[in-house]
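Below: the structure, in structure tokens.
Any read-out appearing in this document is the output of simple, stated calculations on the displayed coordinates, not a laboratory observation. Quick caveat: nothing in here was measured; it's all calculated off a predicted structure. Quick reminder, even Gly has a Cβ in these numbers, built from the backbone with ideal geometry, and neighbours come from all protein chains shown.
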Amino acid sequence: MESHLRVLGVDPGSRFMGYGVVEERRGQLVHLGHGVIKVDPEAPLHQRLMVLHVELTAMLKKYRPESVAVEGVFTFRNARSALVLGHARGVALLAAAQAGLSVHEYAPARVKRSVGAGGASGKESIARMVCSLLKLEAIERADASDALAVALCHLNQGRVAGLAPASSSAKRRKGAASLLADRLSPSYRRPEAR
């Protein structure tokens with residue numbers, strides 16, 4: 001089993017694309033970096049997509065992840081917004097493919113659950129849980145905290161897939177975030193629900 005896994009998470013957007021890099025080193029979560037790629041909202045779409053591609057490619061070269069995790073599409077009332085977001089996601093998928101990396105997509109609800117912020121939790125709750133898991137004071141923008149959450153979701157998925165079968169039905173019912181916490185040092189454990 002490899003001693004580390006580095007993941008670049010992406011929260012796609014056509015004006016703000018969040019990215020976050022997390023590595024698991026022998027059961028410890030290590031934050032390597034995060035940020036937001038910002039583009040001129042007045043620029044034509046094709047130019048915004050080009051900037052996103054150039055900047056994301058630079059982040060892939062800088063951090064050299066083993067894989068990329070991208071947040072999936074959720075339902076939009078506005079078809080144009082969904083289409084534009086799809087273009088931004090396509091840029092992220094293309095940049096990862098050009099770098100020869102595996103790409104994994106996760107639904108927003110799954111990402112929330114993986115960091116222990118399920119249900120109707122908002123972006124503030126996700127940011128708090130990400131800060132807690134990665135021992136960060138604060139994250140400037142929700143785009144970046146969402147991207148870190150996507151990276152954590154992928155690491156969580158890998159840990160769950162690598163676990164031996166649970167010995168009891170109670171263990172099988174554990175959420176993905178609890179399973180990840182069980183594999184990490186006690187400093188990452190969430191307090192028990194009361």
Quiz item: For the pair Leu94 and Ala79, how long in nm is the line joining their label points, each one 7 Å along Cα→Cβ?
Solution: 2.3
Practice problem: Evaluate the distance, in nm, between pseudo-label points positioned 7 Å from the Cα of Lys38 and of Val51 along their respective Cα→Cβ axes. | Solution: 1.0
Quiz item: For segment 1-146, what class follows from the C-alpha gyration tensor (a ≥ b ≥ c being the square roots of its eigenvalues): rounded when a/c is under 1.5, otherwise prolate if a/b is larger than b/c, else oblate?
Solution: oblate
Quiz item: segment 83-143 to segment 29-51: how many Å between their Cα centroids?
Solution: 14
Quiz item: Among residues other than Ala147 whose Cβ falls under 11 Å from its Cβ, what is the net charge (Lys/Arg +1, Asp/Glu -1)?
Solution: -3
